[in-house]
Amino acid sequence: MRLVIIGGSDAGISAGLRARQVNPALETVLLLADAFPNYSICGLPFYISGETPDWRQLAHRGREELEAAGLELLLEHEARSIDLQAKTVRAYQTDGQPVELSYDCLVIATGAEPIRPPIAGLELEGVHLLHTVEDSIAVRERVVERSSSRALVVGGGYIGLEMADALVHRRLKVTLVEQAETVMPTVDPSLGRLIGQELRRHGVDVMNEMAIHALEATSDGIRALGSQALPQSFDLVLVVVGVRPSSRLAQEAGLSTGVREAIRVNRRMETGHEGVYAAGDCVETWHRLLERSVYLPLGTTAHKQGRVAGENAAGGCREFAGSLGTQVVKVFDLAVARTGLGDMEAAEAGFDPLTVECQAWDHKVYYPGAHRLTLRVTGDRRTGRLLGAQIVGHHQAQVAKRIDIFANALYEGLTVDAVNDLDLSYTPPLGAPWDPVQVAAQEWLLRA
Ligand SMILES: Cc1cc2nc3c(=O)[nH]c(=O)nc-3n(C[C@H](O)[C@H](O)[C@H](O)COP(=O)(O)OP(=O)(O)OC[C@H]3O[C@@H](n4cnc5c(N)ncnc54)[C@H](O)[C@@H]3O)c2cc1C
């Protein structure tokens, strides 16, 4: 019995490892287009910043460990076609050599690819996208070996923010452009403005409501033309405006796609063709609150979906519990996090949302180092149900722990009132008798 997995990152490796745990006799072969099995692409900004000096440190597990777990890795084998009737995958090695593999079960985990926006000049030297280890090696080389000093980051989502931070760490002068009114459009504008202030505090030139149309090579570097004037030129331009699912291989094989052309799967991660599963950034994701499929490419989700796909491919029976879009990112001294729905998303989904913002100290102010957190809680006025939360605060103020409390409450379908009753830990250096999460819940209850 042979399981073939296409893709060797978060989803593919999770699938393979789980499949082997469920059925240790399963022959498990992974095809990877690149040479980086089980690398943490979430860590690329920290390799570029130099905080993680060697790209090899980004591997979640080494090749030996994966092989010891029973995974057969075929690196630099790009799958180009799948024959669902014959149950075969045709791949090509970098030298053009074809390889045909038959399978009993298949997991497609081809991930995502960066969106190439309609900007003229994306092919110019010095203009980079960022999605793979190879991309990060190229960017780092541009930064370090070519002694770049001026960088333009196009896109103020979480990767753009991490990269602005990384490039400032490298002492570059950074300009960041974002077409929305504030950076990090996945949180509400009042929090986006706090992040904008933090970027500016560290010398980043932030330009909002700005779209770049073209990039041009000049004798002084790369010039950017956009909806606002950008007089200076740049040595490095990083275009990070989101990703799209890598679903073409599945589509060409005849598998269905749905939201944003992501591969359609049910909660068992089945594609609709018997024995063929898919997981990670290439698939639609079940949203636990919306109770429908969305496109939410995140590493946390890819790991979980991969595990479900692997377990089922090996004969198990498991469903993906659903995502809430829980996310946290560090930007200079701040951490910003969200989970669940914001006001607009909740209203579109038919809820009657109320969002309340408040501030609270992360721990008792009489103990040194207290930081103020800004929290936004969204709940349904009709039922009192918690719908979402967002937090911005100092990165040492346990923002991630606190968003995870909200994420847990959402997972269990709690009301905002019930969040107030949770038995949370307290000691003055780390918290308060009413945790900031509960202060925010109480504020919501007062206004609802
Ligand atoms: C800079 C950056 C920072 C991030 N930070 C975070 C974070 O902090 N938190 C978080 O939750 N998420 C983060 N993410 C997102 C997260 O990395 C992805 O959601 C996750 O890697 C998806 O895993 P995946 O296995 O589905 O796909 P990918 O990681 O995209 O991997 C796809 C795999 O498929 C292989 N492949 C593709 N096509 C073929 C083919 N035809 N044949 C053979 N192999 C193929 C590739 O070689 C690769 O092994 C970040 C992403 C980036 C780029």
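The order of the peptides 347-354, 16-23, 180-187 by mean Cβ neighbours within 10 Å, most packed first, is 16-23, 180-187, 347-354. Listed by chain and number, the aspartates and glutamates whose C-alpha is less than 16 Å from the C-alpha of Lys330, apart from same-chain residues fewer than 8 away, are Glu51, Glu162, Asp165, Glu198, Asp404.
Calculated [222 nm] ellipticity per residue, helices only, for the chain: -8000 deg cm²/dmol; basis is -39500 (n - 2.57) per DSSP H run with n ≥ 4, divided by all residues, nearest 500.
Among beta bridges identified by DSSP and lying wholly in the chain, the antiparallel ones come to about 60 percent.
Residues whose amide H comes within less than 5 Å of that of Gly226, counting only those at least five positions distant or on another chain, are His213 (H built at 1.01 Å from N in the peptide plane).
Here the Karplus curve 6.51 cos²θ - 1.76 cosθ + 1.60, taken at θ = phi - 60°, turns the phi angles of the range 130-141 into couplings of 9, 9, 10, 4, 4, 4, 5, 5, 5, 5, 4, 4 Hz, with x standing for Gly and Pro. Straight-line reach from Lys401: which aspartates and glutamates have a Cα under 18 Å away, not including same-chain ones fewer than 8 places off? Cross-link targets: Asp333, Asp362, Glu412, Asp421, Asp423, Asp435. Compute the signed sum of charges (Lys and Arg +1, Asp and Glu -1) over the other residues within less than 13 Å, Cβ to Cβ, of Pro428. Local net charge: -1. The convex hull drawn around the Cα atoms of the range 350-448, when projected onto a plane and averaged over every direction, covers 5.8 nm². Other residues with beta-carbon under 11 Å from the beta-carbon of His273 carry, at +1 per Lys or Arg and -1 per Asp or Glu, a net charge of 0. Sorting 62-74, 436-448, 388-400 by their mean Cβ neighbour count within 10 Å, with the most densely packed peptide first, gives 388-400, 436-448, 62-74.
Database remark: amide H of His128 closer than 5 angstrom to the amide H of Val237, Leu238, Val239 (H placed geometrically; neighbours at sequence offset of 5 or more, or on other chains; Pro and chain starts carry no H). Converting phi to 3J(HN,Hα) with the Karplus coefficients 6.51, -1.76 and 1.60 and the offset θ = phi - 60°, the range 149-163 yields 10, 10, 10, 10, 9, 9, x, x, x, 5, 6, x, 5, 4, 6 Hz in sequence order, with x at every glycine or proline.
How large is the charge dipole for the range 1-76, taken about the Cα centre, if only the Cβ atoms of Lys, Arg (+1) and Asp, Glu (-1) carry charge, to the nearest 20 debye?
Details: 6 positive and 10 negative charges, 49 e Å.
With Lys and Arg at +1 and Asp and Glu at -1, about 240 debye.
Rule-of-thumb check for the chain: C-alpha Rg over 2.2 N^0.38 Å?
Working: Rg = 23.0 Å, N = 448, 2.2 N^0.38 = 22.4 Å.
Scaled against compact globular proteins, the figure is 1.03.
All other residues whose Cβ lies under 15 angstrom from that of Gly325 are scored, Lys and Arg at +1 and Asp and Glu at -1, for a net of -2. Look at where the Cα atoms of the range 219-254 and of the range 21-39 average out, and the two centres are 32 Å apart. For Ser293, the amide hydrogen comes within under 5 Å of the amide hydrogens of His287, counting only partners 5 or more places away or on other chains and with H modelled in the peptide plane. Converting phi to 3J(HN,Hα) with the Karplus coefficients 6.51, -1.76 and 1.60 and the offset θ = phi - 60°, the range 47-58 yields 6, 5, 5, x, 5, 10, x, 10, 4, 5, 5, 7 Hz in sequence order, with x at every glycine or proline.
Bear in mind that the values in this text are calculations on the coordinates, not laboratory data. Keep in mind that this is a model prediction, so the values were computed, not measured. All Cβ positions, even for glycine, are placed from backbone atoms using ideal geometry, and neighbour counts span all protein chains on display.
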